[in-house]
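Student: My structure is below; once you've seen it, I'll send some questions.
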C-alpha cells in the first residue's frame, strides 16, 4: 500500500474577485502564500495541507452564490483565534461550545461567503 499513500491535500475554492480573496487569506488570516499565478493562489494551511483559490476565468468549476462548504481548521485555542479575528476587523461568530460533539468553534466568512471555521477539539474527536 506504500505507493498509495496520500502525501498532501489541496482544496479549491472559486472566486469572482481573486485579488480580494488572496488578500484576505494572506493579510487577514496570515496563511503562507506558496504559489501565485494570475488565476490561482495556493496557501499552505498546515504541513502539506493547502487551500487553492481559483479565478472565475479558469479552473474546472465556477464560483457560485451558494457556498455549501465549511472549511474547518483544527486549532489549539479557539478563543485566541476569536480574539485575533476581531483584532483584524472581521466579524467572527460568537464562540460555540458543542453539546453533542465536545468542540469549541468560531467562524468567519471570507470575501465571497465561504465559511472558515476554527475548531478546537475538547476531547478526542469530540466524543
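Since every read-out is calculated from the coordinates, none of them should be taken as a lab result. What you see is a predicted model; the values in this text were computed from it and never measured. Cβ atoms come from the backbone with ideal geometry, glycine included; neighbour counts cover every protein chain shown.
Student: Between 0 and 90 degrees, rounded to the nearest ten: what's the tilt of helix 78-87 against the longest Cα principal axis of the chain?
Tutor: 60 degrees
Student: Would you mind telling me which residue in 60, 41, 107 has the biggest mean-square fluctuation in a Gaussian network model of the chain, where springs connect alpha carbons within a distance under 10 angstrom?
Tutor: Among 60, 41, 107, the largest GNM mean-square fluctuation belongs to 60.
Student: What value, in deg cm²/dmol to 500, does the helix sum -39500 (n - 2.57) over DSSP H runs of n ≥ 4 give at 222 nm once divided by the residues of the chain? Don't skip to the answer; put the middle values down first.
Tutor: Working: 2 runs with 16 residues, N = 127.
The helix-only estimate for the chain comes to -3500 deg cm²/dmol at 222 nm.
Student: Order by neighbour count: 29, 18, fewest other Cβ atoms within 10 Å first, most last. Could the numbers behind the result be given before it?
Tutor: Details: 29 20, 18 24.
Exposure proxy ranking, most exposed first: 29, 18.
Student: Which translational diffusion coefficient, to the nearest whole µm²/s, is obtained for region 65-127 from the Stokes-Einstein equation, given a Kirkwood hydrodynamic radius over C-alpha pairs, 37 °C and 0.692 mPa s?
Tutor: On the way: Rh = 12.0 Å.
Stokes-Einstein gives a translational diffusion coefficient of 272 µm²/s.
Student: Full extension from residue 62 to residue 16: what is 0.36 nm times the residue separation minus their Cα-Cα distance, to one decimal in nm? Walk me through the numbers on the way to the answer.
Tutor: Numbers: separation 46, 0.36 × 46 = 16.56 nm, distance 0.86 nm.
Value of the extension gain: 15.7 nm.
Student: In addition: Can you tell me which of 92, 19, 68 moves the most in a GNM of the chain? Springs connect C-alpha atoms under 10 Å apart.
Tutor: Of the options given, 68 has the highest mean-square fluctuation.
Student: Mind running the shape call on region 21-76? Use the C-alpha gyration tensor, a ≥ b ≥ c as the square roots of the eigenvalues: rounded below 1.5 for a/c, prolate if a/b tops b/c, oblate otherwise.
Tutor: On the way: a/c = 1.87, a/b = 1.27, b/c = 1.47.
Judged from the Cα gyration tensor, region 21-76 comes out oblate (a/c at least 1.5, b/c at or above a/b).
Student: Please report Rg over Rh for the chain, where both radii come from the alpha carbon positions and Rh follows the Kirkwood definition. Mind dumping the intermediate values first?
Tutor: Working: Rg = 15.6 Å, Rh = 15.7 Å.
Here the Rg-to-Rh quotient is 0.99.
Student: So, one more: DSSP beta bridges in the chain, what fraction antiparallel, as a percent rounded to 5? Numbers along the way, then the final one.
Tutor: Working: 20 of 32 bridges.
Around 60 percent of the beta bridges assigned by DSSP in the chain are antiparallel ones.
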